[in-house]
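Structure, as structure tokens:
The values are calculated or read from the model by the stated rules, or taken from the named source; none is laboratory data. These numbers come from a predicted model, not from an experiment. Virtual Cβ from ideal backbone geometry, glycine too; neighbours counted across all protein chains shown. When the accessible area is computed, the model is the full protein with side chains, heavy atoms only, and any ligands, DNA or RNA have been set aside. Shrake-Rupley method; radii C 1.70, N 1.55, O 1.52, S 1.80 Å.
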Amino acid sequence: MTSPAAARGEAVRQRLLTAAAELVPERGWPAVSTRVIAERAGVTPSVVHYHFASVQVLLAEAVLAAMRELAGEVEPLLERARTPEEVVDALAGSVERYTGADPASLLFVEAYLAATRDDTLRRGIAAILDGLRTRLGGRLHALGVPDADATAAVLVATVDGLLLHRPLSPAPAAAAVLLRLVRS
């Protein structure tokens, strides 16, 4: 059983993670400070450093948790797909709610940029992407797609690229083009 103090500490930690995940897309990674996070979470700045070694560690943990959650949403979509075409449709459909300028999209863009300067964050994002590619490749393999792992890597990278381009210059629906990758 968790003590009341431990439960309160975990609740504060979660508020800090939530605040960080909200602030990154609002302000941009470099503009998120201890003070801003503490203010959003309703705690003093010293509490931030009690729970996290640094603001960068807090931001990375918040972003990686959000990315894991979104990647996890793909799994049931893949399992329901009965054909390679349904896998592509599910993958393409899973990102339709993102405009490229919404908070989740901006969180990913900021994280990808920050990862170019933070090796720990880069490794964390890479592990999430590797897991997603592995699950997608496994599903494509089970459905008889040749070179399933390479196809999965291209599909994941393409979807990422399409999301990055959306706020700049929305591309036409790409599902028809992506379908060619899984047809024999």
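Brief remarks follow.
- Note on surface exposure: HIS165, HIS51 rank HIS165, HIS51 by accessible area, highest first, 1.4 Å probe.
- Distance between modelled label sites at ALA142 and ARG97, nm, 7 Å Cα→Cβ extension: 2.3 nm
- Karplus (6.51, -1.76, 1.60) ³J(HN,Hα), θ = phi - 60°, over segment 85-92, in Hz, Gly and Pro reported as x: 5, 5, 4, 5, 4, 5, 5, 5
- Modelled label reach - SER54, point 7 Å along Cα→Cβ, segment 3-26 residues with backbone N closer than 19 Å: 17, 20-21, 24
- From the coordinates shown, semi-axes √(5λ) of the Cα gyration tensor in Å corresponds to which of (i) 35, 18, 13; (ii) 27, 17, 15; (iii) 24, 21, 16: (i)
- Extension gain, ALA176 to GLU10: 0.36 nm times the residue separation minus the Cα-Cα distance gives 55.2 nm.
- Distance in nm between pseudo-label sites at THR2 and THR18 (7 Å out along the Cβ direction from Cα): 1.3 nm
- The slack between GLU86 and ARG27, meaning 0.36 nm per residue of separation minus the straight C-alpha distance, is 17.5 nm.
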